[in-house]
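Right, one structure below, let's go through it.
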There are 2 protein chains.
Amino acid sequence: MKNFVPIVDTLGSYNKSAFKGDLNAGVTVGIMLIPQGMAYAILAGLPPVYGLYASIIPLVIYALFGTSRQLAVGPVAMVSLLVVAGVGEFAEVGSARFIQLAILTALGVGLVQFLMGLFRMGFLVNFLSHPVLSGFTSAAALIIGASQIKNLTGLELTRTKQVQEIVIETFRRFTEIEPITAAIGIGSIAAIILIRKWKRTFPSALVVVVVGTVLTAMFGLNQHGVAIVGEIPKGLPTFSLEFLNLSDARILIPTVLIISLVSYMESIAVAKAIANKHGYKVDANKELIALGAANIGGSFFQAFPTTGGFSRTAVNDQSGANTTIASIISAAIIALTVLFLTPLFYYLPSAVLAAIIMVAVAGLFDISEMKHLWKTDKRDLAMLLATFIATLALGIEEGIAIGVVLSLVLVIYSSTKPHSAELGRLGDSKNYRNINRYTEAEVDDEVLIYRYDSSLYFANVEHFQESLFRIIEQRGEQLELVILDASAIHSVDSTGVHMLSEVIKDLRQRRIAFFIAGAIGPVRDKLKKCGIQEAMGEENFFFDVSGAVAYYKDQPERIKKTFSPCQTNV
Amino acid sequence: MKNFVPIVDTLGSYNKSAFKGDLNAGVTVGIMLIPQGMAYAILAGLPPVYGLYASIIPLVIYALFGTSRQLAVGPVAMVSLLVVAGVGEFAEVGSARFIQLAILTALGVGLVQFLMGLFRMGFLVNFLSHPVLSGFTSAAALIIGASQIKNLTGLELTRTKQVQEIVIETFRRFTEIEPITAAIGIGSIAAIILIRKWKRTFPSALVVVVVGTVLTAMFGLNQHGVAIVGEIPKGLPTFSLEFLNLSDARILIPTVLIISLVSYMESIAVAKAIANKHGYKVDANKELIALGAANIGGSFFQAFPTTGGFSRTAVNDQSGANTTIASIISAAIIALTVLFLTPLFYYLPSAVLAAIIMVAVAGLFDISEMKHLWKTDKRDLAMLLATFIATLALGIEEGIAIGVVLSLVLVIYSSTKPHSAELGRLGDSKNYRNINRYTEAEVDDEVLIYRYDSSLYFANVEHFQESLFRIIEQRGEQLELVILDASAIHSVDSTGVHMLSEVIKDLRQRRIAFFIAGAIGPVRDKLKKCGIQEAMGEENFFFDVSGAVAYYKDQPERIKKTFSPCQTNV
C-alpha cells in the first residue's frame, strides 16, 4: 500500500509543524494558481475557467500517488502551447469541439504516461537531449510571447504562427495600439517584475489581477476598449465522459505523445532538483504513474493536460511545503474560488493575464545555455539552434521531432568515425598513451600498439580496418606485432567479429602477430563464442598493454612460431 | 591522369603474358554473359536483348576507371529484381514505358554513385549491416526463384509477389505443368550443377543454351507448348536520350537510392575480396565513381542498371584475368553477338534462362550465416530474420529499409543501457577487474572503483547515475572514495558533462571524494573545457586505477581536506 500510495507513508509521521509549512505553501501556491490557471487556459485556447478546473482534481490525485513532496502540479505554459498547436489543427480555437478535444488529449496523455510508468519506460525521455529541449523551450517561449502581443496591446493582429510576422505587424501598426490596454499590460509586467525582485513568494500575479480588475471596474475601462475576461461560470467541474470518442483519439495521437514526453520531462527535472536539495529520491516510473493518474482523473472532470511546473514548485518549496498535503490545500483554494469568487473576475482585463504569461515565459528563453555551449560544445550548440530554428520555422511538434531525430543521427554518425590512437610508453612506466598527445612517449619499431575508442559494429568496421592498416603501411617491414588495446571497445557485433577475423588473416599473411590487451568481459565472451579467441590462441590475450609488451619482450622469437599453416584458417 | 584513369597505369606495364590471361578470362566471361545477360534482363522485366546491351558499354567504361583488376561488371540478379520491383510499380512489365524507366533508373543510379564517390560518401554503405544484407539477400533469392517457376514449368500462374502464394498455387495446379517445358527447365538445372561440379570455369550456361536451342529447333518443341525467346533484334545499342524525363526521375528516387547502395555493396565486397587475394587495394570512392560512370554511360546506350557481380568476377579471376582489359574483351564478344548471332537464339526456350537464374540465386540463400549467428549472436540473427521476413511480407524496398532502421534503433537502444562494472584488485597486481567475473578480486570497503563501458551522452546519463548510486547506497557509510575508471568512456557530450557535475556535487554532500582514472585525451579535453577538471582538482585525475588507489592509500586523510566549502559549487 505504502509502495503505491506514498501519502499513506506521509500521514503516518505527519505532525503539526509539518502542517504549518504545508498550509502556508498550499495557500501561497493556491493564490498564485488562480490567475496563472486562467492565463494558461487562455494560452491553450480555452475559456479561463478551464484553467481553474485543471487546478483541482489533478492536484489531489498527484498528492495521493506522487513521490515528490514539493512538486506543484497544474496547468503550465509549455503544455498549454502544445495543446493549442496540436488541437488547433482539428478544431477552431475556443469552440466547444476544441474544448472536447483538449480534454480528450488530457485523457490520452494520462493513459500514455500511466502505461509508460507501468512498463518502466521512463528511460524514453532520455532521447530528448538537453540541447534539443533547450532549443525547443526557447523557441516555444518566443512563440508564446508573440501570441500574447495581441492581448497585451489590444492590436487586432492577423492570425499567424510565424513569430517574425507578428513582430513586424506589431511595429507596422504601432499607432493602432489601444493605449489603455497597453498601459495595463505593460504596467502589469513591470509590477510583477518589481514585486518579484522584492519578495519571490509574494503573490505578484494576484496583486496585478486585483489592481487591474478594480481599476477597470471603477473607471469602466471596458467601455474604452479594454478587453475583459467577462462572465466566468460558477461551480465545481462536473463528472463527464462526453468528450470520449475513439475516432477523435486517433487524430490526436502525435499531439498526445509529444505532450506526454515533454510534460513528463519538465516535471521530472524539477522534481529531481527539489528532491536532491532535500536529500530524498523520486522514482521516475512512479512519477509517470502519478502524473498519468492525475491527467486521467482530471480529464473526467473537465481538466486539460497538466504537469509539474518549474516556477510554482519553486514557490511551493520556498513557502515551506513538507508534503503533498500542500497541493491538496491549493486545490481547496481553487475549489472555493470556482464555487464563490468567479464573479469577482468579471472586470479582469485580458491584458493582465497576457502580462502574467509573458513574464512566466521570459525566463524560459535560455540564452545562458547558448553562451555556455558556444564555449564548451559547438556541436551541441548547433543541435540547439537547429531545434530552435525548426520549431520557429516549421512548427512546435515538427521542431521537437526534428531535434530528436537529428541528435540520434549525429550519435550514429560520430560512432562511424571514432577516435583512435597509436600508443607509446611513458618513460619506464607501465603507462601507454597516445603518441600524438605525449610526444615523449616511446615507440618500438617492431611493435604497434593501437587503441580504438568505440565499440566495433557494422557502421565502423571499415573505419577500423582502414585506420589500422594505414598505420601498418607507414610502419613498413620492421613491424612484427600489433597489440590492440581493446579497453575502450565495449562490444563487438557479428560484423565486427567477421572483420576482426579478416584482419587476423591479413596480418598472418604479412607475418605480423596480433595480441589483444585489456578487452572487457563481454567482449572476451563474444570473441570466445565466435572462435576468434581459439583462432588467435588464448595466450595472445592480455590484461593490459604492458603485459602484452612484456610477453613479447621476454621472448620475441616465440611469436614467430605461431605462424603454423594450420592456423591460417581463422 | 593515372590517378583518375587507372587503366593508363595498367597499360604502362602491360605485356604478352598478362594479355594471355586477360584473353582467356575475357572470352570465358563473355561467353558466360550471353545467356546470363538475357536471363537477368528477363528477370528485370525487359526483353532479353537489353541484357546484352547492358553488357557492352558499362564493361568498357568500368575497364577505364575501375580500381579492381578482376571485377566483372554487368547485369546481376539482385539488381534486376530491384529494377522489376521498383519500376514495376509505375509501368507494366515489359512495356515500352517500362524499358524507358529502367534505363532512366540506370542513369539515376549512375549519378548517385558518381556523386557519392566524388563527395567521399562511400561510408554510407556501412549502414547496411551484414545481418541485414544477408537477410535481404536470402529473401530476394526466394522471391527471384519463385518468380521463375512460371517460366521453368510453363504454368500460367496468377501474378503475385507473395512467394508462399506462388508455391501453393504451383502445388495445387501441379497437373497443369507443361511436361516438355518442365523437362527442359529441370534438365538444364541438373546439367548446370553437374558441369559446375566438374569444372567451375566451363561455360555451363552456354552448354544448356546450345543444347536447349538445338533440341527445340530440331523437334519443333515450340509447336508443343514450349515458350521460346523468339526474335531478338540485331545490331549494337544506339545512342539515345529519349528516356530522359525529369518528372519520371522524381518517382524513381527511392528505387534509385536503394539500387545505388545495394549494387555498390555487392560490387565492393567482391572487389575487396579479390584484391585481398592478390595483395592490392581497391579505393572505395574511386570504385563508386567508376561504377557510376559505367551506369551513366550505359544508360545513354540503352543499358539498365549494372554492377560488379559475385559469380562472374570469380570466374574472371579463376580464368586468369590480370587487368580490366579482360572486361573489354568480354564486351567485344557481346558486341559481336548482338551484331551477328542473335538469330541463333530464336529457338532458345525461356525455361533454360529460368534454369540459369534459379541456379544463380540458389547460392544467395545464406542458411549457413543463419546457423552461424544462431550459435554466436542471437541479436544479429533476430535482425537477419526480421529483414528476411519484412522483405518477403512487405516488399523488396520496404524490407531493406526496415532492416536498416531497425539495426540503427538497436544500436541506439543498447547504448542507453551499457555494461558497467564494479572493479576489484587481482591479488597484489595492478590489475583491477569486474568483481562479478573475478570472484577472487579484492574490494576495499572505503573505495568504490566503477567502470562504465560507453560514451556518456544524453541517452544514457540517467542510467549512469542510477547504476552508480545504486552501488554507492549498497556500500553504505564506510565509503570515502569513488574512482571512475573512464578508460571505456570515449566521449562526453554537454548533457554528460552536466550530469557529471551533478554527481560530483552529490558526492561532496555525502563527503565522498571522486577520482577519474584512465580518461582518454579527447575526454580530458572536454572535461577541462567545461570546468569539471578545475572543479574536481587536477590532482584527482590519474593515468590508471592503480595510480588512483596508490594516491589514496598513501595518505587517505588528504582527500578529506578537499571538502572546502568554496569547492562545493561545481
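The values are calculated or read from the model by the stated rules, or taken from the named source; none is laboratory data. Nothing here was measured: the structure is a model prediction, and the numbers come from that model. FYI the Cβ positions are ideal-geometry reconstructions off the backbone, even for glycines, and counts take in every protein chain you see. Heads up: the accessible areas ignore ligands, DNA and RNA and are worked out on the full protein's heavy atoms, side chains in. Shrake-Rupley method; radii C 1.70, N 1.55, O 1.52, S 1.80 Å.
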- Query: Of these, A:290, A:269, A:275, A:294, which one is of a type outside the set (D, E, K, R), part of a helix (DSSP H, G or I) and open to solvent by 20 Å² or more (accessible area, probe 1.4 Å)?
  - Reply: A:269
- Query: From the list A:256, A:211, which residue is over 33 Å from the mean Cα position of the chain (by Cα) and in contact (Cβ under 8 Å) with a residue 12 or more places away in the chain?
  - Reply: A:211
- Message: I'd like to verify a number: residues in region A:420-466 that are of a type in the set (Gly, Ala, Ser) and under 22 Å from residue B:411 (Cα atoms), how many?
- Response: 4
- Query: Among all residue pairs at least 6 apart or on different chains, which show Cβ distances below 9 Å where the first residue, located in region A:267-280, is closer than 16 Å to residue A:137 by Cα and the second is surrounded by fewer than 18 Cβ atoms within 10 Å (Cβ to Cβ)?
  - Reply: A:270/A:314
- Matching entry among B:166, B:177, B:189, B:184 (being in contact with a Lys or Arg (Cβ under 9 Å, 6 or more places away or on another chain) and more than 23 Å from residue B:334 (Cα to Cα)): B:166
- Task: Considering (1) within 19 Å of the chain's Cα centre (by Cα); (2) open to solvent by less than 20 Å² (accessible area, probe 1.4 Å); (3) among the small types (Gly, Ala, Ser); (4) within 14 Å of chain A (Cβ to nearest Cβ), say which one residue B:454 fails and leave the rest.
- Result: (1)
- Query: What number of residues within region A:383-414 satisfy the criterion of being of a type in the set (Ser, Thr, Tyr), within 11 Å of chain B (Cβ to nearest Cβ) and open to solvent by less than 30 Å² (accessible area, probe 1.4 Å)?
  - Reply: 1
- Item | Output for region A:193-249, where each listed residue is open to solvent by 30 Å² or more (accessible area, probe 1.4 Å) and acidic (Asp, Glu) | A:231, A:242
- Only one of (1) crowded, with 20+ Cβ neighbours inside 10 Å; (2) assigned to a helix (DSSP H, G or I) does not apply to residue B:323, and that is (2)
- Here is a list of conditions, (1) touching a helix residue (DSSP H, G or I) at 6+ places or on another chain (Cβ under 9 Å); (2) over 29 Å from residue A:278 (Cα atoms); (3) more than 14 Å from chain A (Cβ to nearest Cβ); (4) open to solvent by 10 Å² or more (accessible area, probe 1.4 Å), and residue B:443 meets all of them except one; can you say which number that is? (1)
- Task: With the checklist (1) surrounded by fewer than 23 Cβ atoms within 10 Å (Cβ to Cβ); (2) closer than 29 Å to residue B:429 by Cα; (3) more than 8 Å from chain B (Cβ to nearest Cβ) in hand, flag the one item residue A:431 doesn't pass.
- Result: (3)
- Query: Quick check: is even one residue across region B:157-168 open to solvent by 30 Å² or more (accessible area, probe 1.4 Å), polar (S, T, N, Q) and closer than 19 Å to residue B:34 by Cα?
  - Reply: no
- Message: If I filter region A:498-545 down to residues being in contact with a Phe, Trp or Tyr (Cβ under 9 Å, 6 or more places away or on another chain) and of a type in the set (Asp, Glu), which single residue comes out as farthest from the other protein chains (Cβ to nearest Cβ)?
- Response: A:539
- Message: Among the residues in region B:359-369, are any touching a helix residue (DSSP H, G or I) at 6+ places or on another chain (Cβ under 6 Å), of a type in the set (Phe, Trp, Tyr) and either within 12 Å of another protein chain (Cβ to nearest Cβ) or not in a helix (DSSP H, G or I) (or both)?
- Response: yes
- Message: If I ask for residues that are under 22 Å from residue A:41 (Cα atoms) and buried (at least 23 other Cβ atoms within 10 Å of the Cβ), which ones from region A:109-136 would you list?
- Response: A:109, A:110, A:113, A:136
- Looking at region B:96-155, which of the residues that are among the small types (Gly, Ala, Ser) and free of Cβ contacts under 8 Å to residues at least 40 places away in the same chain is farthest from the other protein chains (Cβ to nearest Cβ)? B:96
- Message: Are there strands (runs of 3 or more DSSP E) fully within region A:420-484 with at least 2 residues that are of a type in the set (Asp, Glu) and outside the structural domain of residue A:494 (by TED's automatic domain parsing)? List them.
- Response: none
- Taking region A:400-430 and keeping residues farther than 17 Å from residue A:126 by Cα and touching a residue at least 60 places away in the same chain (Cβ under 8 Å) leaves A:423, A:425, A:430
- Note on the structure: Across (1) within 13 Å of another protein chain (Cβ to nearest Cβ); (2) surrounded by fewer than 21 Cβ atoms within 10 Å (Cβ to Cβ), residue A:460 clears everything bar (2)
- Message: Can you pull out every residue in region B:416-428 that is facing chain A (nearest Cβ under 8 Å) and crowded, with 21+ Cβ neighbours inside 10 Å?
- Response: B:418, B:421
